[in-house]
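The values are calculated or read from the model by the stated rules, or taken from the named source; none is laboratory data. The structure displayed is predicted, hence computed values, not measured ones. Because the Cβ atoms are built from the backbone with ideal geometry, glycine has one as well, and the counts that use them run over all protein chains shown. Ligands, DNA and RNA are stripped out before the accessible areas are found, and what is left, the full protein with its side chains, is counted by its heavy atoms. Shrake-Rupley method; radii C 1.70, N 1.55, O 1.52, S 1.80 Å.
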Amino acid sequence: MNRVCEMLGIQYPIFQGAMAWIANHAIAAAVSEAGGLGIIAAGNAPGDWLRDEIRKCRAKTSKPFGVNIMLLSPYAHEIADVILEENVSIVTTGAGNPAKYMKAWQENGTKVIPLVPSVALARRMEQAGADAVVVEGCEAGGHIGELTTMVLVPQVVDALKIPVIAAGGIGDGRGFAASLMLGAEGIQVGTRFLLANECEVHQNYKDKIIKAGDTDTVATGRSTGHPVRTIKNKMTREFLKMEKEGVSIEELEKFGAGALKNAAVDGDVTTGSVMAGQIAGMCNKEQSAQEIINDYLTELKQLMDKGSALIDFEI
Ligand code: TUI
């Protein structure tokens, strides 16, 4: 049996990405009910919000689901405590090093799965006792590292013994198959789940993803040390202009603060931050979470059934 499915008690090794301001109990419960791993994104929310979402998720599904802690959040400490108090069974972490929380969570029976953008951090996480890692390439939406999924996954797989879950740029069953070929034992999908019927992001945000083509995302904020991939709009043009003009990091961060909420909750996709991965170009329709998971599985199976027939040249 697949190590990720066995460890987490799920049917398919498909994680739903933790989109801040977006991934609440509704999408998490739907993905878990469909056999994947739904994940509630704590993002920049306070502890009470998370507690409420965990309870709502438990009311909707008896299947396992996870919580993601965004370590840059001012509420990270409080979120870490709620994870303990609510006995959350699976935690993923993003945008930092979770080592200081890991022991307490694991002593409480929580499986800890950090998101990492490099081999060095992946090694550190394994040494710190992580149960698995999600390796995220810079094709992903939101806060990203430097390397692509294609080069990062095999290098982390070679360096670690714990299971690796691939993330960033995995838009359909072909990406799923490729991830398995690279040695990953599971995938994480964010952008495509934005279009799930159960995803409560603003409709303007969904429409922006549906309309996006292959070159319609851009990474802003490389100069601040926190690069973020979003759909190109007025906000990204102004941000990049300010970066070019050498505007201070403090001013840039102030300009960016709140922009994700403006887009995701209020539907301001012009001056808000529409975070999405490069697969936005191939995410063209709204479906249920179940249909999305079924598509990945069906396409994966079709490809795998072709087996060595995929090699139609002499070796
Ligand atoms: O975390 C993400 N994606 C995100 S977080 C987010 S919300 C946000 N809010 C304010 C500023 C920036 C983002 C939107 N999207 N993905 C996982 C991820 N983690 N990508 C990269 C990393 C990462 C980066 C550095 C993980 C660890 C790390 O460690 C640095 C160190 O050594 O402490």
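May I ask you to list the residues in the stretch 160-189 that are within 16 Å of the ligand (Cβ to nearest atom) and in a helix (DSSP H, G or I)? Listed by number, the list is empty, since nothing qualifies. For the stretch 107-118, filtered to residues that are under 25 Å from Val82 (Cβ atoms) and open to solvent by 10 Å² or more (accessible area, probe 1.4 Å), the residue that is nearest to the ligand (Cβ to nearest atom) is Leu115.
Within the stretch 61-71, does at least one residue satisfy the condition of being touching a Lys or Arg at 6+ places or on another chain (Cβ under 8 Å) and open to solvent by 40 Å² or more (accessible area, probe 1.4 Å)? No, the stretch 61-71 has no match at all.
With the condition kept exactly as written, say whether any residue in the stretch 53-62 is within 13 Å of the ligand (Cβ to nearest atom) and assigned to a loop (DSSP other than H, G, I, E, B). Can you show your working first?
In the first step, residues of the stretch 53-62 are kept if they are within 13 Å of the ligand (Cβ to nearest atom); the result is none.
No, there is no match, as no residue in the stretch 53-62 is within 13 Å of the ligand (Cβ to nearest atom) and assigned to a loop (DSSP other than H, G, I, E, B).
Per-residue answers, yes or no, for (1) free of Cβ contacts under 8 Å to residues at least 12 places away in the same chain; (2) buried (at least 16 other Cβ atoms within 10 Å of the Cβ):
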| site | (1), (2) |
| --- | --- |
| Asp214 | no, no |
| Ile231 | no, yes |
| Lys241 | yes, no |
| Gly246 | yes, no |
| Ala259 | no, yes |
| Ala280 | no, yes |
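Restricting attention to the stretch 119-146, the residues being within 10 Å of the ligand (Cβ to nearest atom), surrounded by fewer than 19 Cβ atoms within 10 Å (Cβ to Cβ) and either among the charged types (D, E, K, R) or part of a loop (DSSP other than H, G, I, E, B) (or both) number 3. From the list Asn68, Asn97, the lone residue that is closer than 27 Å to Arg123 by Cβ, within 16 Å of the ligand (Cβ to nearest atom), in contact with a strand residue (DSSP E or B) (Cβ under 9 Å, 6 or more places away or on another chain) and assigned to a strand (DSSP E or B) is Asn68. Output yes when any residue across the stretch 85-94 is of a type in the set (Gly, Ala, Ser), part of a loop (DSSP other than H, G, I, E, B), crowded, with 20+ Cβ neighbours inside 10 Å and touching a residue at least 60 places away in the same chain (Cβ under 8 Å), and no when none is. No, the stretch 85-94 contains no residue that is of a type in the set (Gly, Ala, Ser), part of a loop (DSSP other than H, G, I, E, B), crowded, with 20+ Cβ neighbours inside 10 Å and touching a residue at least 60 places away in the same chain (Cβ under 8 Å).
Among residues of the stretch 287-307 that are more than 23 Å from Thr61 (Cβ to Cβ), those with a beta-carbon under 7 Å from a residue that is of a type in the set (Lys, Arg) at least six positions away or on a different chain give the pairs Glu299/Arg174; Leu303/Arg174. Looking across the stretch 252-266, the residues that are in a helix (DSSP H, G or I) and of a type outside the set (Lys, Arg) come down to Leu252, Glu253, Phe255, Gly256, Ala259, Leu260, Asn262, Ala263, Ala264.
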